[in-house]
Structures are given as C-alpha cells and as structure tokens.
C-alpha cells in the first residue's frame, strides 16, 4: 500500500510548484483537483515514457509564462494525443506548464468520465470557458479538427481535416500567441476498419469506430512544437484575413507533419 | 443625519425574509408586505398582512413615500396548486412594478436565482447575465421564476425611469428552509448521483443581505447581476467538509426512488431538481463586483457553517 501511495504521489511536489489559483481545498474554480491531477500524472507517466516513448522537438517554442493557445492535429480515435502533449509540457520543461484542453460537448453527460476530466483540469469547450482561461493566462490546448480529426479513417491518416475558425478569433480577441503542434504516431495507435457513425449517433456518440484489433498499439509518438504565431487584429481585419490566418496555421502543421513523417523510419520505433 | 429611506420588502414572513429584515431595518425604514402571519419582527417594522395581488396594496404607496422595493416574495412551494402559484407570482409582481412606476419609486430590486439558467451539461463554467434562461426546459416548476425574471426585465424599457436591479443569487445557504440548505442538512450518507460531481456556487445569507444593500446604495445602477459568496467546490468536497459521507446512486435509480418518495410526500425534493447535483450552473459574478462593488465577505465553507449555527 505504501509503495502504491508513493508511486501515485511522486509528482505531488512538482505539481505543487506550478502556479495555479486554488482555493483552500486545493481546487480551482474550474474544478481542477491538484491531488487528483498528481495521481493521474503518476499513472500516465509510464505510458508516456515506456509505452509510447514520446520524443519532443522544439519545446523551446513554448512561452515560459502567460497565455498561449496550443493548436494541434487530432487523431487516434481516443484523445491520447492530448494527454501526451500535456505530459510533455509538464515533464520535459524546466519550468513545467499545466495544459488545459477543451473537451467535446457530450463529455459532461458521461458519468465518471466527466468527473475525471473535470478534476484533471479539462474543461468543456465553450467560447466563454476558453476566453476566461486565456484571460487567466493559461496554456490552452485546442484541436480545431475536433471529432472530424480524431475519428478519421485510416486511409486519411495525417491529412488534416477542416479547421474551424473559432480558435483564431479567440486568439485575436485575447491577444494570445498560437503554437502549432504536430503529433506523429497517434494515427496508428488504433487502426480502424469502419466507422458506424449512424449507429453511434443512436447512442449519442459522434462516431462508432470499429478497430482492427481491440487494443491500443505501442506506436512511437513524436511531438513537434513549431514557432509561435502572433496574429494581430485591427479594424480592417476581414473574414478573409481570418481564414487566411487559419490556413497559415493549418498549412504549417501539415508541413510539420509531412516533415516528421519523412524522418520517421518505422511506426513502432 | 439624513432621514432613513422607506423600503418596501415583500416576503418578510419566510425565514430568509425575516433574516433580511433584521439586517435591513438598521439602515432603512422597513415596511413589510406578506400575507402570512409572522413572529419576531423588529418593533419598528411595519407589517402589512395583505395578499400582494389585492387593491389594498396600493394604499401602502398612497400612505408612505416608498423609496425602494425589495421584491423577495416569490412563491416557490411545489406542493401548492400550480395555477395559484403562477397567479400569485406574476400578477403580484406586475402590480408591484406598476405601483413602482406610478408612485415614482426610485429603485426596484428583484431577488432571482442563478437557477434560471438551468443546470445543463453544455453550460460554460461561469454563465454571464446575458445567457438565455433555459431552466424551464427540463423543470417546469421553475418556469415561474424564469417568467418573473423576464417580466421584471421587460420593465427596463417599459419604465425607463425606474432603476431596476435583478440579483440572480447562487444557492442561498443559511438557517433557511430551502432546497439547497435542506439537502446539505440531510443526515449522512447524503445521496449523490453516481459518476457526477459538479462544482457548486453558494451564497451566505449575510452576503445576500449585503448585496441587496449594495444594490440599493449604488446610485444609477441598473441591470442584472449574478451574486455568490467566495469560492466554488465540488459537491463531494462540500459534503466532506461537513464530515458526512456520500451515497452515490445511479441517476435513473435515484430519479425513480425520489419521484416515488415525492408522491408519497416522504421527500421535499422533486426528482427533476436532481440536475442541480448532476450538472454545473454557476454565475459569473464579475459584473456585480465591478458595477455594484459587491465584494462577498464569506466563503463557500463559511456558508456551509451557517447552515446550523445561526439560530433565531
């Protein structure tokens, strides 16, 4: 028992060192539970180090403090990519940063899962939540592809799905730098033969992917962090400008993905 | 010293009303309006025991120069006949607003609740005052309050000279007989919904009194304001703070059990209100802080402490 306890709490101090606005009970106003987060990180770290063996490139592009929007490709049927990006910023940076990500609108309906996400500091993806988190100088992870990205079929792997424009409007409004991120390795973790979308919708799910084998494969993750964008808005900024900014971010990520893929020798190592 | 202002306070016979009157009568000349009998009111408080819908209510305005109305007297008794309930609330409030305009009352402060937004899975963490009022979608009994909130809002343009303030309060905790206070007073283990643990916002009854006073004192302030005490906690932590334990029950089972108990009059909680312990519904209180300069003195744990300590 003692061993398990010390295993689960080995990141407690490191999390304690991150500046978070907590109340007397160790919660922040968005429901983050510091002790719970420490346990989640301790459980996930072996997967980061020994299962997916994550390699990171360009971490110096992450601002040391202040608000930042992390924009990444999204893949792999379940959002392990989000967890790995979060762990990278926590484990690899000298001054660790805590990443908050935005969850899908149906997640709060799910018992247990909603609670786990909430206590680990993950927030429902509404515009108001995002705005407030950035105004409070958080690092916010957003996947503009959303479910379009995470549930894409195997043949479309590493081709970015359509990007929404919300993240860019948000960045302009809150004057937040955007760090583009490319995740390589997540696409192959759960190869899918078919997606019974219509059936899934009957159960209130956005998709119902059928995997080739019911397991998460130990693919090797490589995460590339690109140079930050600082877009600025003035009175003349039109919708077309915003679309061109979005495409700039999207093209950069696609290029980072292509570069990463060309350097990769094997899916598993 | 200037003369004390004359404040008409509705709903003074309830526990909250009595508590507030005791706070308010030190600063104001309180004139109470409530059709119910009441005890232990301060001596200088004048109590009109009239139904708010009666024509005689107008006499209060004829005989006194009313400076402000604090409208707290919303009926929320779910066992009461629905029609009577609706009639009392809507007709009564409309009358008050009409008199306020006719007799040139300066301020009209209405106590609403953040419950009007409705607990929903798609809610943002903190809802601004501009959020649509969706509570009626799942829970018809709260439609009265939603209607009232909108009725008062409509007078922003119907009576532009009247300074109307709507205070949307978080769950009020104190020595009260309302659902949130009663829920937390349940003996251990307290039933919760399995797998859900939403963050909660509450307001200490003293903070509420301060907010009312502050709303009155802020010259020229108009509009809608969310108010709450300091801090938020998940339900699990609120229960833990009271050294009680939880009894997590799956949602459908709890709903079924509660609806049966409600019909048998064994429970005062209607099953539809369970969404309040399943999903978040919290107000963004920035506006009240900036415009009304309302800074709560108490924290959420102080408010929990107040459940049993204040006795009168």
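Is at least one residue of the stretch B:277-300 out of contact with any strand residue (DSSP E or B) (no Cβ under 9 Å at 6 or more places or on another chain), within 13 Å of another protein chain (Cβ to nearest Cβ), free of Cβ contacts under 8 Å to residues at least 60 places away in the same chain and more than 23 Å from residue B:76 (Cβ to Cβ)?
Among the residues of the stretch B:277-300, not one is out of contact with any strand residue (DSSP E or B) (no Cβ under 9 Å at 6 or more places or on another chain), within 13 Å of another protein chain (Cβ to nearest Cβ), free of Cβ contacts under 8 Å to residues at least 60 places away in the same chain and more than 23 Å from residue B:76 (Cβ to Cβ), which makes the answer no.
Residues are listed down the side, and each one gets a yes or a no for (1) surrounded by 16 or more Cβ atoms within 10 Å (Cβ to Cβ); (2) within 24 Å of residue B:218 (Cβ to Cβ); (3) out of contact with any strand residue (DSSP E or B) (no Cβ under 7 Å at 6 or more places or on another chain):
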{"residue": "B:142", "(1), (2), (3)": "yes, no, yes"}
{"residue": "B:157", "(1), (2), (3)": "no, yes, yes"}
{"residue": "B:166", "(1), (2), (3)": "yes, yes, no"}
{"residue": "B:178", "(1), (2), (3)": "yes, no, no"}
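How about the stretch B:138-217: which strands (runs of 3 or more DSSP E) wholly inside it have at least 2 residues that are within 20 Å of the chain's Cα centre (by Cα) and without any contact (Cβ under 8 Å) to a residue 12 or more places away in the chain?
Fully inside the stretch B:138-217 and qualifying: nothing.
Please go through the stretch B:23-45 and give me each residue that is loosely packed, with under 15 Cβ neighbours inside 10 Å and free of Cβ contacts under 8 Å to residues at least 24 places away in the same chain, ordered by number.
If the condition is that a residue be loosely packed, with under 15 Cβ neighbours inside 10 Å and free of Cβ contacts under 8 Å to residues at least 24 places away in the same chain, then B:26, B:36, B:39, B:42, B:43, B:44 are the ones that fit.
Return the total of residues in the stretch B:98-117 being surrounded by 21 or more Cβ atoms within 10 Å (Cβ to Cβ) and away from chain A (no Cβ under 14 Å).
12
Could you tell me which numbered condition residue A:23 fails, if it satisfies all but one of (1) within 14 Å of another protein chain (Cβ to nearest Cβ); (2) out of contact with any strand residue (DSSP E or B) (no Cβ under 9 Å at 6 or more places or on another chain); (3) not in a helix (DSSP H, G or I)?
It fails just one condition, (2).
Just one of the numbered conditions (1) buried (at least 16 other Cβ atoms within 10 Å of the Cβ); (2) under 30 Å from residue A:117 (Cβ atoms); (3) touching a helix residue (DSSP H, G or I) at 6+ places or on another chain (Cβ under 7 Å) is not true of residue B:138; which one?
(1)
Output the residues belonging to the stretch A:26-47 that are within 18 Å of the chain's Cα centre (by Cα), in a helix (DSSP H, G or I) and in contact (Cβ under 8 Å) with a residue 60 or more places away in the chain.
Once the filter is applied, which keeps residues that are within 18 Å of the chain's Cα centre (by Cα), in a helix (DSSP H, G or I) and in contact (Cβ under 8 Å) with a residue 60 or more places away in the chain, the stretch A:26-47 yields A:37, A:40.
Of these, A:252, A:176, which one is buried (at least 17 other Cβ atoms within 10 Å of the Cβ) and over 19 Å from residue A:101 (Cβ atoms)?
A:252
When you go through (1) closer than 24 Å to residue A:113 by Cα; (2) within 11 Å of another protein chain (Cβ to nearest Cβ); (3) buried (at least 18 other Cβ atoms within 10 Å of the Cβ) one by one for residue B:194, which number turns out not to apply?
For residue B:194, the exception is condition (3).
Just give me the residues in the stretch A:206-257 being without any contact (Cβ under 8 Å) to a residue 12 or more places away in the chain and closer than 26 Å to residue A:92 by Cβ, in sequence order.
A:255, the sole residue that qualifies.
Is it the case that some residue within the stretch B:256-272 is more than 13 Å from every other protein chain (Cβ to nearest Cβ), modelled with pLDDT of 95 or more and within 20 Å of the chain's Cα centre (by Cα)?
The answer is no; no qualifying residue exists.
If you check B:27, B:101, which single one turns out to be assigned to a loop (DSSP other than H, G, I, E, B), more than 27 Å from residue B:269 (Cα to Cα) and touching a helix residue (DSSP H, G or I) at 6+ places or on another chain (Cβ under 9 Å)?
B:27
List pairs: first residue in the stretch A:104-125 and on the phi > 0 side of the Ramachandran plot, second residue buried (at least 21 other Cβ atoms within 10 Å of the Cβ) and at pLDDT 90 or above anywhere in the structure, Cβ distance under 7 angstrom, at least six positions apart or on different chains.
A:121/A:30; A:121/A:32; A:121/A:37; A:121/A:100
Just one of B:168, B:185 is at pLDDT 95 or above and at negative phi; which is it?
Just one listed residue meets the conditions, B:168.
Counting only residues that are more than 16 Å from the chain's Cα centre (by Cα) and outside any loop (DSSP other than H, G, I, E, B), how many does the stretch A:95-115 have?
The qualifying residues number 5.
If I ask for residues that are in a helix (DSSP H, G or I) and in contact with a strand residue (DSSP E or B) (Cβ under 6 Å, 6 or more places away or on another chain), which ones from the stretch A:60-84 would you list?
Once the filter is applied, which keeps residues that are in a helix (DSSP H, G or I) and in contact with a strand residue (DSSP E or B) (Cβ under 6 Å, 6 or more places away or on another chain), the stretch A:60-84 yields A:61, A:81, A:82.
Which count do you get for residues in the stretch B:227-270 that are in a loop (DSSP other than H, G, I, E, B) and touching a strand residue (DSSP E or B) at 6+ places or on another chain (Cβ under 6 Å)?
First, pick out the residues of the stretch B:227-270 that are in a loop (DSSP other than H, G, I, E, B): B:228-229, B:231-232, B:242-245, B:250, B:264-270.
Retained after the next criterion (residues that are touching a strand residue (DSSP E or B) at 6+ places or on another chain (Cβ under 6 Å)): B:228-229, B:231-232, B:244.
Number satisfying all stated conditions: 5.
Can you pull out every residue in the stretch B:65-87 that is within 26 Å of residue B:29 (Cα to Cα) and crowded, with 16+ Cβ neighbours inside 10 Å?
Matches in the stretch B:65-87: B:66, B:67, B:68, B:69, B:70, B:71, B:72, B:73, B:74, B:75.
With a cut-off of at least 2 residues that are closer than 16 Å to residue A:252 by Cβ and more than 14 Å from chain B (Cβ to nearest Cβ), name the helices (runs of 4 or more DSSP H) lying wholly within the stretch A:124-215.
Counting at least 2 such residues, we get A:166-174.
So residue A:114 clears everything in (1) at the interface with chain B (Cβ under 9 Å from one of its Cβ atoms); (2) out of contact with any helix residue (DSSP H, G or I) (no Cβ under 8 Å at 6 or more places or on another chain) except one condition, right? Which one?
Exception for residue A:114: condition (2).
The values are calculated or read from the model by the stated rules, or taken from the named source; none is laboratory data. Fair warning: this is a prediction, and the values are worked out from it, not measured in the lab. For neighbour counting, all protein chains shown are included, and Cβ atoms are generated from backbone atoms with ideal geometry for every residue, glycine included.
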